[in-house]
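J.: Next up is a structure, given as structure tokens.
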Amino acid sequence: MPPLLTLPSPLVAPYWLQQHLENPDLIILDATVPYGSNGPDEALGLASWAAGRIPGARFARLQSHLSDVTTGFGFSRPQPDALVEALAELGIGEHSTVVIYDNFLNMWATRVWWLLRGIGFERAAVLDGGLKAWVAEGLPVEAGPTAPLARADTPLHARALTGFNDVGDVLGRAGGGALVCALPESYFDGSEPVNGRHGHIPGSVNIPAASLLNEAGQFLPVEVLRQKLAGVAGAPTITLYCGGGISATIVAFALHLIGAADKVSVYDGSLEEWNADPTRPLVGGSARNG
């Protein structure tokens with residue numbers, strides 16, 4: 001068997017991906033889920049993928065296939081066996097190397113990357129800057145339908161997902177750990193609501209996911225990320241949340257880039273779940289919450 005394709009980093013540049021497009025072990029996933037009138041809409045992502053994508057890219061179906069749609073909350077992590085099966089249907093198996101991209105701030109790509117990391121799959125990377133960076137380099141795109149995907153011959157092994165926690169973990173969080181809100185400041189301080197409520201979970205600090213990216217949607221240099229994350233990187237545990245467990249994975253990925261991801265968990269339900277119970281406390285927006 002030839003050697004497996006080796007990633008230079010969990011963050012790859014368009015030129016690296018272009019050089020390896022013909023490698024048979026490479027799987028490229030478009031994880032985009034655009035926002036429609038009623039929130040994230042996978043159908044819009046599928047239409048966008050069909051209209052223009054990196055050559056060979058497969059549409060990840062993050063909202064329907066890589067999430068548990070039975071929980072009542074959007075984008076809940078799937079059960080391990082369901083995740084492995086969905087990945088196998090995308091052609092991802094033991095010998096695959098996966099590069100994930102999206103067309104919006106990297107957050108859909110980092111969500112898929114965090115899921116893969118959670119089941120112990122390490123040959124995965126995010127395309128820095130996503131499709132916009134690819135197009136900006138003048139690299140080719142393709143459009144239209146594709147042939148049916150071949151299922152992976154050697155699927156991944158299902159194992160317990162790590163890197164996530166739930167509302168009980170946050171409510172019972174011991175002192176000493178960091179709790180980080182990845183939403184923009186206007187949501188953190190209560191100026192704007194999340195699911196009808198204002199403010200943030202008590203004890204949390206604000207590191208907006210977008211603050212870790214440049215204007216082109218690419219991650220800031222590692223030395224800059226270290227500075228921006230210095231206030232939480234030394235904590236014994238780091239719990240991240242956002243609106244629904246998506247943009248928090250940008251912060252998780254950035255912490256991975258600086259070598260601090262082993263103590264990171266994403267609160268999967270985030271404020272979508274937290275705010276569903278009006279008795280759960282929030283701070284910063286008490287006047288608005290009534």
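J.: Give me a count of the residues in region 163-175 that are modelled with pLDDT under 95 and either exposed (fewer than 14 other Cβ atoms within 10 Å of the Cβ) or of a type outside the set (A, V, I, L, M, F, W, C) (or both).
T.: 9
J.: I've got another one for you. Among the residues of region 146-155, are any surrounded by fewer than 22 Cβ atoms within 10 Å (Cβ to Cβ) and of a type in the set (Asp, Glu)?
T.: There is at least one residue in region 146-155 that is surrounded by fewer than 22 Cβ atoms within 10 Å (Cβ to Cβ) and of a type in the set (Asp, Glu).
J.: Another question, then. Need at least 1 residues that are touching a Gly at 6+ places or on another chain (Cβ under 8 Å) and of a type in the set (Gly, Ala, Ser) per element, so show me which strands (runs of 3 or more DSSP E) inside region 200-290 make the cut, counting only ones lying wholly within it.
T.: Working: elements: 204-206, 238-241, 264-267.
Strands (runs of 3 or more DSSP E) meeting the threshold: 264-267.
J.: Looking at region 270-290, which of the residues that are modelled with pLDDT of 90 or more and more than 18 Å from Leu183 (Cα to Cα) is surrounded by the fewest Cβ atoms within 10 Å (Cβ to Cβ)? Walk me through it before giving the result.
T.: First, the residues of region 270-290 that are modelled with pLDDT of 90 or more: 270-283.
After this cut, where a residue has to be more than 18 Å from Leu183 (Cα to Cα) as well, the list is 277-280.
Working: Asp277: 9, Pro278: 10, Thr279: 4, Arg280: 16.
The extreme case among them is Thr279.
J.: Residues in region 39-78 that are hydrophobic (A, V, I, L, M, F, W, C) and either closer than 19 Å to Val126 by Cβ or in a strand (DSSP E or B) (or both): how many? It would help to see each step written out before you state the result.
T.: First pass over region 39-78, keeping only residues hydrophobic (A, V, I, L, M, F, W, C): 43-44, 46-47, 49-51, 54, 57, 59-60, 62, 66, 69, 73, 75.
Narrowing further to those that are either closer than 19 Å to Val126 by Cβ or in a strand (DSSP E or B) (or both): 49, 54, 57, 59-60, 62, 66, 75.
Result for region 39-78: 8.
J.: Conditions first: (1) hydrophobic (A, V, I, L, M, F, W, C); (2) buried (at least 18 other Cβ atoms within 10 Å of the Cβ); (3) within 23 Å of Ala252 (Cβ to Cβ). Ile54 passes all but one, so which condition is the exception?
T.: (3)
J.: Scanning for something polar (S, T, N, Q), surrounded by 13 or more Cβ atoms within 10 Å (Cβ to Cβ) and closer than 16 Å to Thr237 by Cα, does region 183-200 turn up at least one residue?
T.: no
The values are calculated or read from the model by the stated rules, or taken from the named source; none is laboratory data. Source: prediction; values computed, not measured. All Cβ positions, even for glycine, are placed from backbone atoms using ideal geometry, and neighbour counts span all protein chains on display.
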